[in-house]
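To start, the structure under review is shown below, and the notes come after it.
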Amino acid sequence: MKTYKNTGNIDTRSGFGAGLTELGQTNPNVVALCADLTGSLKMDEFKKNHPERFFQIGIAEANMIGIAAGMTIGGKIPFTGTFANFSTGRVYDQIRQSVAYSGKNVKICASHAGLTLGEDGATHQILEDIGMMKMLPGMTVINTCDYNQTKAATLAIAEHEGPVYLRFGRPKVANFTPEDQKFEIGKAVTLTEGNDVTIIATGHLVWEALEAAKELDEKGISAEVINIHTIKPLDETAILKSVRKTKCVVTAEEHNFLGGLGESVARTLALNHPAPQEFVATEDTFGESGEPLMLLDKYGLNAKAIAEKAEAVILRKE
Amino acid sequence: MQDFVTQVRRDILRQVHQVNSGHPGGSLGCAEFFTVLYQEVMEYSTDFDMDGKNEDLFFLSNGHISPVFYSVLARSGFFPVEELSTFRKIDSRLQGHPTTHEGLPGIRIASGSLGQGMSVAIGAAHTKKMNKDSHLVYSLHGDGELQEGQNWEAILYAGSKGVDNLIATIDYNKKQIDGATDDVLPLGDLKKKFEAFDWKVLELKEGNDVEAIRKTLEEAKGLTGNNQPIVILMDTEMGNGVDFMMGTHAWHGKAPNDEQLETALAQNPETLGDY
């Protein structure tokens with residue numbers, strides 16, 4: 001089984017910051033907007049290097065989204081930065097009308113997504129954002145798994161014409177994808193090849209899926225792990241190719257099962273190749289305060305949970 | 001100019017009548033404003049380009065008054081006047097509320113869900129500055145629309161940051177769907193409120209008079225570039241130009257029937273030719 005080396009734990013938001021810093025130097029049309037969370041979003045370097053292209057909006061996310069939409073008129077590529085909750089739920093109608101329906105080239109960059117925001121608790125731990133964003137026609141939805149991939153995705157979305165939701169997080173997690181990767185929007189990455197079960201993961205749970213695959217391998221179960229960094233548009237070809245081989249699937253995400261990656265995969269399978277599926281996701285619940293790793297364990301979003309569901313779904317194969 | 005305004009009024013009435021829906025009241029009240037803005041004040045190209053570089057831009061925030069916007073855009077050369085007959089019908093570029101989604105020339109943002117246009121106008125104004133483009137950004141907002149909180153985020157921002165290439169106009173007709181703004185949710189002293197947010201306020205008491213509008217818009221243009229956003233509080237009459245539609249909020253979102261249309265059109269005889 002192919003294994004991956006963690007080159008050192010680091011937060012995905014820092015990958016966003018590094019990507020934005022690079023874009024500042026390479027793309028003069030990139031502008032950044034922030035709603036009083038410059039440090040949390042790692043936008044300080046861009047702000048320092050390009051004060052004329054950095055806009056501090058204050059704690060006014062609705063205004064930030066509208067200003068970003070307006071800035072596209074004249075050719076700017078605005079990157080908005082705040083927590084995932086305030087990037088989506090708080091401003092859903094602004095995104096819907098002024099960005100998505102208006103077809104504006106705005107990049108909504110959202111940190112602190114999911115339970116791993118930790119101690120701040122449920123008010124800040126959005127577990128519904130992927131669902132809200134993927135339902136908007138024309139919106140591209142990306143949830144990256146590590147520092148390197150987040151940086152690569154940040155560079156890639158500047159080249160993509162159209163609205164994008166880029167989701168990443170706060171905790172320091174394994175960094176294991178190649179530093180020099182080319183990020184292809186909508187293209188799944190098959191991390192391990194296997195025959196018994198497909199594990200389709202996104203975001204922080206991709207590393208957990210690899211850890212689960214190792215556990216399963218020790219039990220003689222071969223798992224194919226697919227990193228779906230782009231939830232919309234979904235790489236249906238890669239999913240179907242794998243599930244046709246393994247005949248069952250586990251999806252894993254730091255998000256409610258309602259509206260998440262798992263449901264998108266289930267639709268793809270229902271239409272093309274029905275197969276047993278288990279969901280590693282939160283069960284229609286809010287989060288709570290606590291240490292990120294303890295929360296992931298309590299809500300069943302880690303390698304252990306993925307391995308258990310993999311064994312369960314294999315038993316459901318006909 | 002007055003002929004243009006009268007024809008716009010006919011267009012508004014005929015558009016909403018033919019689909020028995022739409023918003024004639026606010027549209028009629030802003031016929032002079034749109035006419036002066038597009039016929040005299042703004043510099044623009046009818047060879048429409050979304051980026052609008054080196055031209056003035058306009059954003060309609062209270063998108064429900066689309067009939068007046070469509071009429072003036074068509075009669076200013078953005079699209080064929082005949083297309084007004086498709087207003088609110090299936091497969092039309094003239095949606096109930098304006099949108100970029102169907103590719104109608106002249107529209108740069110979707111509006112309809114209220115309170116979003118000022119933020120968009122500020123963003124476009126920022127980009128003009130970054131592009132070293134000295135042209136201006138204009139916007140129009142309903143007075144009732146100011147009840148939406150996002151406006152006050154935008155008003156605070158534009159004042160505090162000195163966005164001085166923006167001229168926002170408030171259609172101050174003091175009416176909204178449910179009645180007088182003073183009965184629904186009083187707006188208080190709008191002049192003092194904008195001034196408290198560091199805006200330059202111009203009061204236009206005759207918002208249905210082309211000369212007065214021209215004068216105020218020219219004055220506003222002269223005040224740009226002074227580190228302060230500009231707002232025009234434009235007193236208008238909802239339903240202006242049709243006697244039975246004036247002095248009431250009843251025609252905010254209601255179309256006239258056949259007989260009422262005939263009466264209304266008789267008060268606004270054909271000038272430039274009906275579509």
Q.
Need the full-extension length gain, B:GLU218 to B:GLU262, defined as separation in residues times 0.36 nm minus the C-alpha distance. One decimal, nm.
A. 12.2 nm
Q) Could you state the per residue volume, in Å³, of the convex hull enclosing the Cα atoms of the range B:1-49? A) 99 Å³
Q.
Per 0.36 nm of contour for each residue apart, how much would the distance between B:ASP49 and B:SER92 grow if the chain were fully extended, relative to their Cα-Cα spacing?
A. 13.5 nm
Q: Putting +1 on Lys and Arg Cβ atoms and -1 on Asp and Glu Cβ atoms, find which of A:THR26, A:GLY220, A:THR251 reaches farthest to the positive end of the dipole of the protein assembly as shown.
A: A:GLY220
Q | For the range A:196-318, the Rg and Dmax computed from alpha carbons only, in angstrom | A | 13.5, 41
Q) Per q in 0.07 1/Å, what log10 I(q)/I(0) does a Debye calculation on the alpha-carbon atoms of the range B:2-266 return? A) -0.21
Q) Can you give the angle from 0 to 90° between the axis of helix B:2-19 and the longest principal axis of chain B, with both taken from C-alpha atoms, to the nearest 10? A) 70 degrees
Q | Dipole moment magnitude, nearest 20 debye, chain B about Cα centre, only Lys, Arg, Asp, Glu C-beta charged | A | 620 debye
Q. What value, in deg cm²/dmol to 500, does the helix sum -39500 (n - 2.57) over DSSP H runs of n ≥ 4 give at 222 nm once divided by the residues of the protein assembly as shown?
A. -10500 deg cm²/dmol
(Q) Residues of the range A:173-212 with backbone nitrogen within less than 17 Å of a virtual label 7 Å along the Cα-to-Cβ line of A:THR237, please, listed as ranges. (A) A:183-191
(Q) Return the Rg/Rh ratio of the range A:10-173 with Cα-based radii and a Kirkwood Rh. (A) 0.92
Q) Relative contact order, percent, of the range B:58-198 when contacts are C-alpha pairs under 8 Å separated by at least 6 residues? A) 23 percent
Q. Mind checking the angle between helix B:117-130 and chain B's longest principal axis? C-alpha axes, 0 to 90 degrees, to the nearest 10.
A. 50 degrees
**Q.** Equivalent-ellipsoid semi-axes of the protein assembly as shown, from the Cα gyration tensor, Å, largest first
**A.** 51, 25, 20
**Q.** the range B:2-266, relative contact order in percent, only Cα pairs under 8 angstrom and at least six apart counted
**A.** 25 percent
**Q.** In sequence order, calculated HN-Hα J values of the range B:56-71 (Karplus, 6.51, -1.76, 1.60; Hz; x Gly/Pro)
**A.** 6, 10, 10, 10, 9, 8, 8, x, 5, 8, 4, x, 6, 4, 4, 4
Q: May I ask for the distance between the Cα centers of the range B:191-221 and the range B:118-143, given as a whole number of Å?
A: 17 Å
Q: For chain A, calculate the relative contact order in percent as a whole number, restricting contacts to Cα pairs under 8 Å that are 6 or more residues apart.
A: 19 percent
Q: Please identify, among B:TYR157, B:TYR172, B:TYR138, the residue showing maximal mean-square fluctuation in a Gaussian network model of chain B using a 10 angstrom Cα cutoff.
A: B:TYR157
**Q.** Extension reserve of the B:GLU40-B:GLU203 stretch, reckoned as 0.36 nm per residue once the Cα distance is removed
**A.** 56.7 nm
Q. Taking the convex hull of the alpha carbon atoms in the range B:165-251, what volume per residue do you get, in Å³?
A. 90 Å³
Q) How far is it, in nm, from the label point at A:LEU315 to the one at A:THR190 when both lie 7 Å from their Cα along the line to the Cβ? A) 2.9 nm
Q) Dividing the alpha-carbon radius of gyration of chain A by 2.2 N^0.38 Å (N being the number of residues), what value is obtained? A) 0.95
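FYI, it's all coordinate maths here, none of it is from the lab. Just so you know, these numbers come straight off a predicted model, no measurement behind them. Here Cβ is always computed from backbone atoms with ideal geometry, including for glycine, and neighbour counts include all displayed protein chains.
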